[in-house]
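I have placed the structure first, in the form of structure tokens, so that the comments after it can refer back to it.
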Amino acid sequence: MRHILVVLLVCLTTLLCWTQEAPRLILIGPPGAGKGTQARNLSEKFKLAHISTGDILREHRKQGTELGKQAAAYMDSGKLVPDELIVTMVAEKLAGDGGFVLDGFPRSEMQAQLLDKMLAKVEHPINRVILLLVPDDELVERLSLRRSCPTCQRTYHLKSNPPKKEGFCDSDGSELIQRKDDKEDVIRNRLKVYHEQTEPVLRHYKDQPGVIEIDGRQSIEQVEKQVEEAVAPKVAR
């Protein structure tokens, strides 16, 4: 009986610790590595807020806001949107003490520093950084053959994940488009920008909380399993 009580006490203590330590994740990887797919899965499975700066910026652009107009020129050429245009939006999304997964932010060491300062104020630092590794040549093929639904934002790949009806979204029937930043010359520039400006973010988090590397060349299901295993210790059960 005493043994059972001890086990229950340990389980309760573990549960409380996990609950207090909500997952606060960053998914890092080059364009086309699968960050969005994995972030959406984590959001659904573990009830985390999915914060995608790419989605936020595209929505501003679609609505024709001043921020969207300013960001459009950078997005179309594959350049990073300046920090001052994006940090405020992210700060608003991080309000509260729940868990979240950041997809597409931070993209530079400066953004990482600003993020740390924001989270330090509420004593909720990043506690997981996951890196998806994929070679550049494979990413060029992935992105140049990618097509997107302008309505629901669902993405397809003409080779590995084509729509049931060629050229049209499975979900809502909208005609699929190729984003301007999925053209090969733009992709190459986006990868160059990533290597120059985003990889320093990995050094920023190398010591605390550390970086978990996952081979993004695997199937979506294999990557998903490994990402979930990396997150699971931080999740209340």
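For volume of the Cα convex hull per residue in Å³, the value computed from the atomic coordinates appears in the list [x] 132; [y] 144; [z] 190 under label [y].
Of all lysines in the structure, the ones whose alpha carbon falls short of 24 Å from that of residue 165, not counting any fewer than 8 places away in one chain, are 180, 183. Computed about the Cα centre, the dipole magnitude for the chain is approximately 360 debye when only Lys and Arg (+1) and Asp and Glu (-1) carry charge, each at its Cβ.
Overall, region 144-237 carries a charge dipole of about 140 debye about its Cα centre when +1 sits on the Cβ of Lys and Arg and -1 on the Cβ of Asp and Glu, all other atoms neutral.
Only four residue types carry charge here, +1 at the Cβ of Lys and Arg and -1 at the Cβ of Asp and Glu. Report the dipole size of region 15-156 about the Cα centre in Debye, rounded to the nearest 20.
On the way: 19 positive and 18 negative charges, 90 e Å.
Using Cβ point charges on Lys, Arg, Asp and Glu, region 15-156 gives about 440 debye.
When region 55-213 is described by a simple charge dipole with +1 on each Lys and Arg Cβ and -1 on each Asp and Glu Cβ, the residue from 80, 187, 99 located farthest towards its positive end is 187.
How high is the relative contact order of the chain, in percent, with contacts defined as C-alpha pairs under 8 Å that are six or more residues apart? Spell out each step's value before the answer.
Values: 327 pairs, mean separation 69.8, N = 237.
29 percent.
Listed by chain and number, the aspartates and glutamates placed with their C-alpha closer than 17 angstrom to that of residue 192 are 76, 109, 136, 137, 138, 141, 181, 182, 184; residues fewer than eight positions away on the same chain are left out.
When each of 219, 171, 148 is scored by the number of other beta-carbon atoms lying within 10 Å, the sequence from fewest to most is 219, 171, 148. Annotation for region 98-140 versus region 159-178: alpha-carbon center distance of 30 Å. Computed from Cα atoms, the angle from the helix 53-63 axis to the main principal axis of the chain rounds to 50 degrees.
Looking only at 83, 116, 172, which one moves most when the chain is put into a Gaussian network model with springs between Cα atoms under 10 Å? The residue that fluctuates most here is 172.
Given only helices, namely DSSP H runs of n ≥ 4 each adding -39500 (n - 2.57), what is the per-residue ellipticity at 222 nm of the chain, to the nearest 500 deg cm²/dmol? Before the final figure, lay out the partial values.
On the way: 10 runs with 114 residues, N = 237.
It comes out at -14500 deg cm²/dmol, rounded to the nearest 500.
Putting +1 on Lys and Arg Cβ atoms and -1 on Asp and Glu Cβ atoms, find which of 201, 174, 143 reaches farthest to the positive end of the dipole of region 107-237. Value computed over the given set: 174.
None of the figures in this text is laboratory data; all of them are computed from the coordinates on show. Source: prediction; values computed, not measured. Reconstructed Cβ throughout: ideal geometry from the backbone, glycine too, with neighbour counts over all protein chains shown.
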